[in-house]
1. Within the stretch 7-64, count every residue that is over 20 Å from GLU237 (Cβ atoms) and open to solvent by 30 Å² or more (accessible area, probe 1.4 Å).
2. Would you check which residues across the stretch 322-351 are within 21 Å of ASP310 (Cα to Cα) and either at pLDDT below 55 or polar (S, T, N, Q) (or both) and list them?
3. Just give me the residues in the stretch 54-66 being touching a residue at least 60 places away in the same chain (Cβ under 8 Å) and not in a helix (DSSP H, G or I), in sequence order.
4. If you go through the stretch 227-286, how many residues are free of Cβ contacts under 8 Å to residues at least 40 places away in the same chain, touching a His at 6+ places or on another chain (Cβ under 8 Å) and open to solvent by less than 50 Å² (accessible area, probe 1.4 Å)?
5. List, please: which pairs have Cβ atoms under 7 Å, are six or more places apart or on different chains, and start with a residue in the stretch 310-324 that is assigned to a loop (DSSP other than H, G, I, E, B) and end with one that is open to solvent by 40 Å² or more (accessible area, probe 1.4 Å) and of a type outside the set (Asp, Glu)?
6. Take the stretch 27-42 and flag every residue that is modelled with pLDDT under 95 and among the basic types (Lys, Arg).
7. Go through ILE216, ILE247 for me and flag whichever is among the β-branched types (Val, Ile, Thr), in a loop (DSSP other than H, G, I, E, B) and modelled with pLDDT of 85 or more.
8. Where in the stretch 88-204 are there strands (runs of 3 or more DSSP E), lying wholly inside it, with at least 2 residues that are open to solvent by 50 Å² or more (accessible area, probe 1.4 Å) and without any contact (Cβ under 8 Å) to a residue 40 or more places away in the chain?
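The values are calculated or read from the model by the stated rules, or taken from the named source; none is laboratory data. It should be emphasised that the depicted structure is a prediction, and the values quoted were computed from it without experimental measurement. Positions of Cβ are generated from backbone atoms using ideal geometry, with glycine treated the same way; all protein chains shown enter the neighbour counts. For accessibility, only protein heavy atoms count, side chains too; no ligands or nucleic acids. Shrake-Rupley method; radii C 1.70, N 1.55, O 1.52, S 1.80 Å.
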Amino acid sequence: MQKLNWRRIVLKVGSALIAPDQDGCRSRYLLTIAQFIVRCRSRGIEVILVSSGSVAAGAHLFPEQQERTVTMKKAMAAAGQTEMMAMWDRFFDFPSAQILLTHGDLRDRERYESIRETVFTLLEHGVLPIMNENDTVTTDDLKVGDNDNLSAMVAAAADADALMIFSDVDGLYNKNPNLHDDAELLPEIKSIDESIYAMAGCATSAVGTGGMKTKIEAAEKATSHGITTYIINGFKEQTFNQLLEGINPGTIFLPYEKPMQEAVHWMTHTANEQGEVVVEGSFDESLEGETGCIRGDEIVAVHGEFAIGDTILVRSNDGTRLAKATANYSSCLLNFIADNEQSEFSDKMQDSIGPVISEKDIALLEKS
């Protein structure tokens, strides 16, 4: 048993809890979650809710025989989102707010900061933020794809202390409990590596889009930001009593002892690279001292199209992913420099344009 020291928590509720039979929203499991939210708020704990389920909630409004095309699912999400919000709102005697996001909103630094400010303002005024991916308008390029990873990004953006992912299983097992009677629940994970991912099976629910793998991905994102993460069974009423008593009811992922800084975490786990720059070696020596940077003459090749301020991948010429960084110059200019590396004009340009990438704008992947 441990003393609760949560100041702000993020709860992720999956489709299987929202619409277990895909025939509209049901309060069967959600009432207990709503009561948990009320109890947390009564203790001074700020709560942010990431709620899946708009597609599952709206599915009953469309013919079952008809093929579920992408357009059809977007229509289901549009219809189901209002039903889902109305259901959550009925549970509470305090106001709630809907925030719909795409990955495009999160990977753009200006919009990311705007989201943070909105969430903080809602919490400051006692309003419960209810967040979901905007399935109605999102495209393959803009979507996160699952609300497990979205909840981790939200938890990082909101500077949360804990992320709780409510699932239809008790936590992470060493093997699939649906296939192996001797599967053992792992109560505590100190670090996430390939052996942890190897334990993740496929999705156990026919309703949701995520499986155990996406939950581990979310835990990795959150714990690297210093956020304690739980994977727990949201179908069991005792889960919520145990949480408030300081008892771990499922699997807890312990946070990094030295979490990433907020900007570095955003660049590593949220921002998508728009292109890549290939450099010689590992370039660690270029980052030493206060003037550390990547110069144009260290670039071997440039791939993709990107503009000033875009996030790019930096890799070595042997293919090793070294870092993600903010580009100080466009791919067009960097291509010109790389193609004319030996020319006298290029030497003059190198001296005049300054660093291609600055030390403060780099997130080292190997070290993180």
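1. Summing the residues that are over 20 Å from GLU237 (Cβ atoms) and open to solvent by 30 Å² or more (accessible area, probe 1.4 Å) in the stretch 7-64 gives 11.
2. Those that are within 21 Å of ASP310 (Cα to Cα) and either at pLDDT below 55 or polar (S, T, N, Q) (or both): THR326, ASN328, SER330, SER331, ASN335, GLN350.
3. Step one: list which residues in the stretch 54-66 are touching a residue at least 60 places away in the same chain (Cβ under 8 Å), which gives 54-56.
Result: no residue meets the conditions.
4. Qualifying residue count for the region: 3.
5. ASP310/GLN274; ASN317/VAL300
6. ARG28
7. ILE247
8. Values: elements: 96-101, 128-133, 162-167.
Those strands (runs of 3 or more DSSP E) span 96-101.
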